[in-house]
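Engineer: I have a structure here, written as structure tokens, and I will follow up with some questions on it.
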Amino acid sequence: MSQFDYDLFVIGAGSGGVRASRMAAGFGARVAVAEDRYMGGTCVNVGCVPKKLFVYGSEYMQHLNEGAGFGVFVAGKTFSWETLRDNKTREIERLNGIYNNLLNNSGVELISGRATLIGPNEVEVAGQTFTAKNILIATGGWPFVPDIPGKEHMITSNEVFYLDEFPEKALVLGAGYIAVEFAGIFNGLGAETELVFRGEQMLRGFDEEVREFVSDEIAKKGVKVTAQDNVVSIEKLPNGQLKAALQSGEERVVDQILCATGRRPNVAGLGLESAGVELNDAGAIAVNDQFQTSVEHIYAIGDVVDRIQLTPVALAEGMFIANRLFGDKDYPELDYENIPTAVFCQPNIGTVGLTEEQARVHCRRLRIYTSSFKPMKHTLSGEDERSLMKLIVDDASDKVVGAHMVGPEAGEIVQGLAIAMKAGATKAHFDSTVGVHPTAAEEFVTLRTVTRH
Ligand code: FAD
Ligand code: NDP
């Protein structure tokens, strides 16, 4: 009989924690998971899932407008925020139930409440102490809000999914994933929307050509794009509106300000010091390649270790831990290269591999293939939207080292390209692949002319 209550105690039932708990229990381990807010974590409740539902909703207005070019006329278009918000919430509640069942059916014990480490093998939840041979911290991230006067008047991605009223005028601060996605959502649903950010261009870290292209497309859709500026203070007016003072000296009066200025590892009040778990310089839990913290049997995965803040990455890290501890001891270490990602701005971005700027550092000579075109649908829709496809090829090996797309369903398309790139596909492989016609995706296998070296 083990001296511990559990073989594995997981803190946080989000993407990484749920996957690790279920798999560990499946391997026969005695597992408990503590959750203090919502089953399924950020992704299910205030992240990927409700965001994508809102993106779908916001695209409908454009689709309805486009119909006229195809002879489909829709009269009396109106938008009900309450309907979208409440239907979304019902779906999330359904998913919460599914997550509960999945864990229960796998034999994982669910403990409701905030967990705190009180020793190397001890966790406290709601006054009760539990002991575990191994502990996994999967507490995710939390929105970072700059410390400016009136910051309490801004909302973050935690609140935006539950607003009482849809804003007529919205200001979105930041230019990362969340900012550009919500600028599209607000704008698509009819709010007068402005994206304000401190940098020269939105979406730092993405391919420069993609950044420029998508910035133009977002502006064409009606979002006011204000670069090299920042919100420095906010005042609530008697009528409930918000007056934002910008660094440039200008002012904006809007109904909501969404602060999307990054997410920080969620480590506050976790009791890390009582267990001896150390943070790195970025304030994330420091882990080695096996996700071990400074305490051998305490592990951490997902946004709280701040490697790549994406759900599939947290899932992969959770599977690694469950396997290494209780299943396949030789389970391979995670490969963080060629992780595909999509930004659900409008139009979408899909990307995998190196940007042109990164490739210039890694490869001696490159071949860059690009194609920018009006998607077939928009030849009749009346929309002035364009797509961009880009392949980056290492000239010496002929390997495709980067694939980027701006356009409808870019994420769906890039997922397939990511498999090819993981398998080491060369440009010759792309060229010898027969296209699917008529699609946008076929451009990726018909790019023959080098745009530049
Ligand atoms: P989380 O899913 O955040 O789970 C952590 C859980 O721990 C939470 O449920 C929290 O309540 C709980 N917790 C924290 N502290 C304690 C404690 N002390 N005791 C008990 N429980 C605790 N990623 C994508 O791949 N695609 C997307 O489209 C996408 N869209 C996003 C949109 C938004 C608006 C946001 C905010 C994020 C989005 N992400 C997306 C990122 C994705 O949601 C995260 O990378 C992912 O959820 C991280 O999983 P995790 O397990 O590390 O943490
Ligand atoms: P990001 O890190 O993507 O972007 C943060 C933005 O905030 C940047 O534009 C940054 O500017 C700006 N910023 C940071 N600090 C300040 C400040 N003090 N004042 C003004 N601006 C500031 O974070 P997000 O919050 O958008 O998203 C968090 C993470 O969640 C993402 O990185 C992503 O991993 C994940 N996510 C994934 C999605 C997906 O897969 N589709 C969707 C949503 C989130 P600068 O560039 O100048 O530093």
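Taken together, the values in this text are just the output of simple stated rules run on the coordinates, not laboratory data. Values in this document were obtained by computation on a predicted structure and should not be read as measured data. Neighbour counts are summed over all protein chains in view; Cβ atoms, including those assigned to glycine, are modelled from backbone coordinates with ideal geometry.
Engineer: How long is the gain from residue 72 to residue 357 if the chain were fully straight, where each residue apart is worth 0.36 nm and the alpha carbon distance is subtracted?
Structural biologist: 98.2 nm
Engineer: Moving to a separate point now. Grab the beta carbon distance between residue 281 and residue 144, set R0 = 22 Å, and tell me the FRET efficiency rounded to 0.05.
Structural biologist: Efficiency at R0 = 22 Å is approximately 0.85.
Engineer: What order do you get for 381, 112 when you list them from fewest to most C-beta neighbours inside 10 Å?
Structural biologist: So the ranking, lowest neighbour count to highest, is 112, 381.
Engineer: So, one more: Go through 227, 206, 238 and say which Cα lies farthest out towards the positive end of the charge dipole of the range 111-246; charges sit on Cβ, +1 for Lys and Arg, -1 for Asp and Glu.
Structural biologist: Of 227, 206, 238, it is 238.
Engineer: With r as the distance between the Cβ atoms of residue 330 and residue 104 and R0 = 41 Å, compute the FRET efficiency 1/(1 + (r/R0)^6) and round to 0.05.
Structural biologist: 0.85
Engineer: Right, another one. Considering only DSSP beta bridges where both residues belong to the range 1-142, give the percentage that are antiparallel (nearest 5).
Structural biologist: 40 percent
Engineer: Also, quick follow-up: Which lysines does residue 151 reach when only Cα atoms under 21 Å apart count, and residues fewer than 8 places away in its own chain are ignored?
Structural biologist: The reachable lysines, counting only those whose Cα sits under 21 Å from residue 151, are 169, 236, 243.
Engineer: According to the Kirkwood expression over distinct Cα-Cα pairs, how big is the hydrodynamic radius of the range 253-297, in Å?
Structural biologist: Evaluated on the range 253-297, it is 12.9 Å.
Engineer: Can you list the GluC sites (Glu not before Pro) in the range 211-257 that are in a DSSP coil and have 14 or fewer other beta carbons within 10 angstrom?
Structural biologist: 250
Engineer: Hey, got a sec? Which trypsin sites (Lys or Arg not before Pro) in the range 406-452 land in a DSSP loop and have at most 13 other Cβ atoms within 10 Å?
Structural biologist: Qualifying residues, ordered by number: 448.
Engineer: Rounded to the nearest 5, what % of DSSP beta bridges with both residues in the range 110-225 are antiparallel?
Structural biologist: 55 percent
Engineer: If you rank 242, 95 by fewest surrounding Cβ atoms within 10 Å, what's the result?
Structural biologist: With the sparsest Cβ surroundings first, the list reads 95, 242.
Engineer: What distance in nm lies between label points placed 7 Å from Cα along the C-beta direction at residue 61 and residue 292?
Structural biologist: Label-label distance for residue 61 and residue 292, simple model: 5.4 nm.
Engineer: Then there's this: For the chain, what is the calculated [θ] at 222 nm in deg cm²/dmol (nearest 500), taking -39500 (n - 2.57) for each run of four or more DSSP H residues and dividing by its residue count?
Structural biologist: One gets -9500 deg cm²/dmol as the mean residue ellipticity at 222 nm.
Engineer: Give, in nm to one decimal, the length gained when the segment between residue 268 and residue 37 is fully stretched (0.36 nm per residue of separation minus the Cα-Cα distance).
Structural biologist: Result for the pair: 81.7 nm of gain on full extension.
Engineer: Please go through the range 253-362 and write out the GluC sites (Glu not before Pro) that DSSP classes as loop and that have at most 13 other C-beta atoms within 10 Å.
Structural biologist: 278, 296, 333, 337
Engineer: Expected output is a single nm value to one decimal: the length gained when fully extending between residue 379 and residue 236, i.e. 0.36 nm times separation in residues minus the C-alpha distance. What is it?
Structural biologist: Result for the pair: 47.0 nm of gain on full extension.
Engineer: Counting other beta carbons within 10 Å of each residue's own, what order do 43, 345, 48 fall into, fewest first?
Structural biologist: In increasing order of surrounding Cβ atoms, one gets 48, 43, 345.
Engineer: Let's test this: bin the Cα-Cα distances of the chain at 10 Å from zero up to the farthest pair and state each bin's percent.
Structural biologist: 4, 19, 26, 26, 19, 7, 1, 0
Engineer: Could you give the longest part of the chain that holds none of the chymotrypsin sites (Phe, Trp or Tyr not before Pro) found in DSSP loops with at most 12 neighbouring Cβ atoms within 10 Å?
Structural biologist: The longest such stretch corresponds to 74-335.
Engineer: Lone cysteines in the chain, going by a 4.7 Å Cβ-Cβ cut-off?
Structural biologist: Here 259, 345, 363 come out as lacking a disulfide-compatible partner, given the Cβ-Cβ threshold of under 4.7 Å.
Engineer: A further question on this structure: Dipole magnitude of the chain about its Cα centre, charges +1 at Lys/Arg Cβ and -1 at Asp/Glu Cβ only, in debye to the nearest 20?
Structural biologist: 640 debye
Engineer: So what's the convex hull volume per residue for the Cα atoms of the range 151-261, in Å³?
Structural biologist: In the range 151-261, the Cα convex hull volume per residue is 93 Å³.
Engineer: Right, another one. Between residue 94 and residue 445, what is the label-point separation in nm under the 7 Å Cα-to-beta-carbon projection?
Structural biologist: Inter-label distance under the simple model: 3.5 nm.
Engineer: Still on this structure: Report the far tail of the P(r) of the range 341-445, meaning the percent of Cα-Cα pairs longer than 16 Å.
Structural biologist: So the portion of pairs separated by more than 16 Å is 57 percent.
Engineer: Tally the DSSP beta bridges in the chain and give the antiparallel ones as a percent, rounded to 5.
Structural biologist: Expressed as a percentage, antiparallel bridges in the chain total about 60.
Engineer: Under a plain spin-label model, where a point goes 7 Å from the Cα along Cα-to-Cβ, how far apart in nm are residue 428 and residue 81?
Structural biologist: Going by the 7 Å Cα→Cβ label model, 5.8 nm.
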